[in-house]
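Enquirer: Quick one: the structure is below, and I'll ask about it shortly.
Coordinate-derived values only; no laboratory data. Predicted model only: the values in this text are computed from it and were never measured. Cβ coordinates were reconstructed from backbone atoms using ideal geometry, including for glycine residues, and neighbour counts include every protein chain displayed.
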Amino acid sequence: MSERSQSHSTVDPPAPSPTVVTIPPGATYAAGFLDRKAQEALRDTVREIVARAPFYRPCMPKTGKPFSVVMSNCGPLGWVSDRDGYRYQARHPQTGEPWPAMPEILLDAWRRLAAYPHPPEACLINFYDETARLGLHVDQDETDFEAPVVSLSLGDTAVFRIGGDTRKAPTRSIKLKSGDAIVLGGPARRAFHGVDRILPGSSDLLKSGRLNLTMRRVTRPE
Ligand SMILES: O=C(O)CCC(=O)C(=O)O
Ligand SMILES: [Mn+2]
C-alpha cells in the first residue's frame, strides 16, 4: 500500500472551525513602541498640555448625550464635538484659547510611524476613566485620507476593537497596553474601530485610567 492510499484510510479529526478575523490591510500594531522612559516623558508632556487646554466633556451632535471620554487637543487644529456637530477648530471650545503646540515627542513618533511626508495638524487627547468607552466609528472629519492616523496609548490597557470598512464587517480585539502604537493607514484608514473597555489597575503609569493620543493630518497639503 502506498503512503498515499494509507493516508486516505486514516480518519483525521475535524479541523477546528476557524474564527474569521479581518485585520484590515494598512493597520499596523506596534506593541511596546514607547519604552517606560518615553511613556513617562509623554505623560508629563500631556500634563503640561492639559494644564493649558483642560479636558472637557464633548457631547453628541443633536442629542447632546455626553461622551464617557473627556478630551483635549494639541497642534494647530483640534477635534471637537458638540450639539453643532463634529469638526476641527483652532481653539479650545471652553477657554477660547488656541490649542498648545504639538510637542516634539509626538512629531518624532509621527515621523517614525506615519510614512507620510507632512506633519500632523491635530492630536486628539482622550482620557478614559475605568468606565469610559468609545463606540465603533470611523475617523472621517478630515479631508486628507492619504495620511494615516497614528495612535499612542498610555496607562491602563484598553480593549480596542477594529473591523473593516462597514459596521457589520468582522472585528478583532487587541489589548492596547501602555506604550503601544497603532497606525491606521491605507484601506484601514477608514476602518471602524472603538474601545470596548478599560482594564482598571493594569498599569501604574497614571494614577488611574488611560490616555490615548491620536495624531491626524486634517487638510490636504498644497
Ligand atoms: O482610544 C483609542 O485607542 C482610540 C481613540 C479613537 O479612535 C479616536 O479618538 O478617534
Ligand atoms: Mn477613532
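Enquirer: If Arg161 satisfies all but one of (1) under 11 Å from the mean Cα position of the chain (by Cα); (2) over 21 Å from Arg210 (Cβ atoms), what's the number of the condition it fails?
Expert: Just one mismatch for Arg161, condition (2).
Enquirer: In addition: Under 6 Å between Cβ atoms, which residue pairs at least 6 apart in sequence (or on different chains) link something in the range 60-71 that is under 22 Å from Arg210 (Cα atoms) with a partner that is aliphatic (A, V, I, L, M) and surrounded by 15 or more Cβ atoms within 10 Å (Cβ to Cβ)?
Expert: Ser68/Ala132; Val69/Ala132; Val69/Leu134
Enquirer: Filter the range 207-220 down to the residues that are touching a residue at least 60 places away in the same chain (Cβ under 8 Å) and surrounded by fewer than 17 Cβ atoms within 10 Å (Cβ to Cβ) and list them by number.
Expert: Kept after step one, since they are touching a residue at least 60 places away in the same chain (Cβ under 8 Å), are these residues of the range 207-220: 208-220.
The answer is Ser208, Thr219, Arg220.
Enquirer: Does the range 107-122 contain at least one residue that is within 14 Å of ligand 2 (Cβ to nearest atom), touching a residue at least 12 places away in the same chain (Cβ under 8 Å) and more than 21 Å from Pro221 (Cα to Cα)?
Expert: No.
Enquirer: Hey, another quick one. Is it fair to say Leu34 is surrounded by 12 or more Cβ atoms within 10 Å (Cβ to Cβ) and in contact with a Cys (Cβ under 7 Å, 6 or more places away or on another chain)? Please lay out each step first, then the result.
Expert: On the way: surrounded by 12 or more Cβ atoms within 10 Å (Cβ to Cβ): yes; in contact with a Cys (Cβ under 7 Å, 6 or more places away or on another chain): no.
Here the answer is no, as Leu34 does not meet what is asked.
Enquirer: Moving on to the next point. Which ranges mark the strands (runs of 3 or more DSSP E) fully within the range 146-222 that have 1 or more residues being aromatic (Phe, Trp, Tyr) and either more than 23 Å from Leu77 (Cβ to Cβ) or within 16 Å of ligand 2 (Cβ to nearest atom) (or both)? Steps first, answer last, please.
Expert: Numbers: elements: 149-155, 157-162, 172-176, 181-184, 193-199, 210-216.
Output list reads 157-162.
Enquirer: Still on this structure, I have one more. When both residues are 6+ apart or on different chains and their Cβ atoms are under 9 Å apart, which pairs have a first residue that lies in the range 178-203 and is over 17 Å from Trp110 (Cβ atoms) and in contact (Cβ under 8 Å) with a residue 60 or more places away in the chain, and a second that is more than 16 Å from ligand 2 (Cβ to nearest atom) and part of a strand (DSSP E or B)?
Expert: That search, which allows pairs on different chains as well, returns Ser178/Leu154; Ser178/Gly155; Ser178/Thr157; Ile198/Gly155; Ile198/Thr157.
Enquirer: Quick one: in the range 147-177, which of the residues that are away from ligand 1 (no atom under 13 Å from the Cβ) and of a type in the set (S, T, N, Q) is surrounded by the most Cβ atoms within 10 Å (Cβ to Cβ)?
Expert: Top of the filtered list is Thr171.
Enquirer: Is one or more of the residues making up the range 127-134 among the basic types (Lys, Arg) and either assigned to a helix (DSSP H, G or I) or away from ligand 2 (no atom under 16 Å from the Cβ) (or both)? Write out each step before concluding.
Expert: The initial filter retains those residues of the range 127-134 that are among the basic types (Lys, Arg), namely 133.
Those still in the list that are either assigned to a helix (DSSP H, G or I) or away from ligand 2 (no atom under 16 Å from the Cβ) (or both) too: none.
No, the range 127-134 contains no residue that is among the basic types (Lys, Arg) and either assigned to a helix (DSSP H, G or I) or away from ligand 2 (no atom under 16 Å from the Cβ) (or both).
Enquirer: Looking at Ala115, Ala101, Ala132, which one is more than 27 Å from Glu48 (Cα to Cα), over 11 Å from the mean Cα position of the chain (by Cα) and not charged (D, E, K, R)? Don't jump to the end; show me each part of the working.
Expert: Values: Ala101 fails: more than 27 Å from Glu48 (Cα to Cα); Ala132 fails: more than 27 Å from Glu48 (Cα to Cα).
Exactly one residue qualifies, and that residue is Ala115.
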